[in-house]
1. Of the conditions (1) over 30 Å from residue 179 (Cβ atoms); (2) in contact (Cβ under 8 Å) with a residue 24 or more places away in the chain, residue 392 satisfies every one except a single condition; which number is it?
2. Any idea which of 216, 203, 209 is at pLDDT 70 or above, surrounded by 14 or more Cβ atoms within 10 Å (Cβ to Cβ) and over 30 Å from residue 302 (Cβ atoms)?
3. Please name all residue pairs, on different chains or six or more residues apart, with Cβ atoms under 7 Å, provided the first residue is in the range 137-162 and is more than 16 Å from residue 127 (Cβ to Cβ) and the second residue is among the polar types (S, T, N, Q).
4. Considering the range 102-157 alone, what residues qualify as being of a type in the set (D, E, K, R) and either buried (at least 19 other Cβ atoms within 10 Å of the Cβ) or closer than 16 Å to residue 291 by Cα (or both)?
5. Any residue in the range 244-270 that's in the same structural domain as residue 354 (by TED's automatic domain parsing) and part of a helix (DSSP H, G or I): show its pairings with residues that are of a type in the set (Val, Ile, Thr) and at pLDDT below 85 at Cβ separation under 7 Å, as long as the two are six or more apart or on different chains.
6. Could you tell me which numbered condition residue 352 fails, if it satisfies all but one of (1) surrounded by fewer than 16 Cβ atoms within 10 Å (Cβ to Cβ); (2) in contact with a Phe, Trp or Tyr (Cβ under 7 Å, 6 or more places away or on another chain)?
7. Inside the range 317-341, can you point out the residues that are under 26 Å from the mean Cα position of the chain (by Cα) and in a helix (DSSP H, G or I)?
8. Quick check, is residue 345 crowded, with 18+ Cβ neighbours inside 10 Å and in the same structural domain as residue 261 (by TED's automatic domain parsing)?
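The values are calculated or read from the model by the stated rules, or taken from the named source; none is laboratory data. Note that this is a predicted model, so its numbers are computed, not measured. All Cβ positions, even for glycine, are placed from backbone atoms using ideal geometry, and neighbour counts span all protein chains on display.
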Amino acid sequence: MTTFHYKGFDAQGRRAAGLVEAQDAKEARARLAGRSIACESLAPAAVRAGGRKEGGLRFPPAARAMVYRELGALLASGVPLVPALDVLLQAPAPDGVLLALAAARDNVRDGKSFSAAVAAWPVELASFEVPILQAGESTGGMPDALAQLAAFLEEMAALREKLLSALLYPVIVVVLASLLGGLVMTFLLPRMQVLFTETGMAIPLFTRILFTGGRILGAGLLLLLVAAGIGVPMLRRRWRRSSTAAAAADARLYRLPVVGPARQELASLRFVRTLSLLLRRGVGLLEALPLAAEASGSAHLIADARRETEALAQGKPLAEVIQSIRALHPSLAAWVRAGQGGGDLPGLLDNAALRLRQSWDHRSTRVLTLLELGLTLVVGILVALVALAVLLPILQMNGGIG
């Protein structure tokens with residue numbers, strides 16, 4: 001049986017789309033006709049999913065975590081893999097999720113492993129997902145591997161959501177303050193200057209300086225926003241094409257006074273969590289190290305890890321390898337030594353991740369609080385300067401009349 005994805009119209013003339021199982025396309029069309037569905041397009045689910053561009057199938061990490069968790073629970077209760085996928089396909093879900101599951105079920109029916117079916121999804125998977133599934137298949141612990149993978153994806157999604165939520169307010173304030181400041185300096189203040197000149201008011205030196213500087217500053221802010229809107233996407237495309245350029249740019253972030261330590265703790269947290277998970281599932285160090293680096297999201301860390309993986313293969317101790325990766329937190333080498341000495345490296349890595357998570361939470365909260373206060377102060381000073389520049393000529397005129 002093959003799963004086909006169809007698009008067409010129902011008996012009421014409304015758009016219809018979904019999945020249908022059949023031996024071939026002819027039988028699939030006949031089944032759809034029996035449901036009073038006029039088929040417009042029909043293709044195997046695996047072809048329809050695989051034909052999309054990379055990242056085009058909407059199957060986000062949160063949805064994958066839910067699928068892994070439910071599939072693991074079904075497998076743990078004794079349900080075979082294909083019937084378990086059948087159960088998941090009966091549940092309501094977005095089209096992208098159903099399409100991916102149907103494609104995976106057909107691939108498993110054709111003799112492929114579930115990890116190979118997942119690897120065929122045109123989705124930007126985390127670097128550790130397929131290796132963990134492969135380890136679960138090879139060790140016979142697929143339910144546990146799926147449960148751990150789901151928990152890890154949920155934790156990473158929660159961490160990412162917290163980071164985005166924390167940055168949302170400062171970003172909005174900066175953008176709005178820049179736009180409003182640019183508009184006030186570029187348009188409002190010049191009009192006020194013309195008004196004062198036409199009424200014959202003597203304009204104080206401070207007001208003239210602010211009017212002149214305001215026009216220059218306002219135009220500069222607007223140009224800066226336009227340049228950022230154009231330049232940032234171009235730089236991102238360049239960094240994606242060139243790993244060397246991305247690593248060099250990322251390395252500069254680590255040297256910044258406030259951003260650098262926070263960046264190092266966050267990348268180290270992701271690295272340690274992933275490395276611990278991979279080691280628990282039986283993935284070897286030579287394979288786990290670069291995969292954990294990929295999960296960190298730091299191009300600088302990835303470049304260092306690739307270099308040090310070769311040194312590890314040549315016999316360099318793991319603790320020295322971790323210490324040589326400059327993007328990682330300096331304390332991690334000591335945790336690795338303690339873990340290897342005590343025979344519980346994954347457990348010590350989990351403890352290190354907990355410490356890094358607490359440190360990152362405290363640091364990010366403190367930095368964002370100071371940032372909010374600083375932005376409020378800057379906006380307040382800007383408003384006060386504009387108000388003073390407008391009021392000074394009026395006060396001077398009233399003083400002259402008195």
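1. Result: residue 392 passes all but (1).
2. On the way: 216 fails: surrounded by 14 or more Cβ atoms within 10 Å (Cβ to Cβ); 209 fails: surrounded by 14 or more Cβ atoms within 10 Å (Cβ to Cβ).
Just one listed residue meets the conditions, 203.
3. 137/113; 137/115
4. 105, 106, 124, 129
5. Sorted first by the residue in the range 244-270, then by its partner, the pairs are 253/259; 262/367.
6. (1) is the only condition that residue 352 fails.
7. 322, 332
8. Numbers: crowded, with 18+ Cβ neighbours inside 10 Å: yes; in the same structural domain as residue 261 (by TED's automatic domain parsing): yes.
Yes; evaluated as a whole, the condition is true for this residue.
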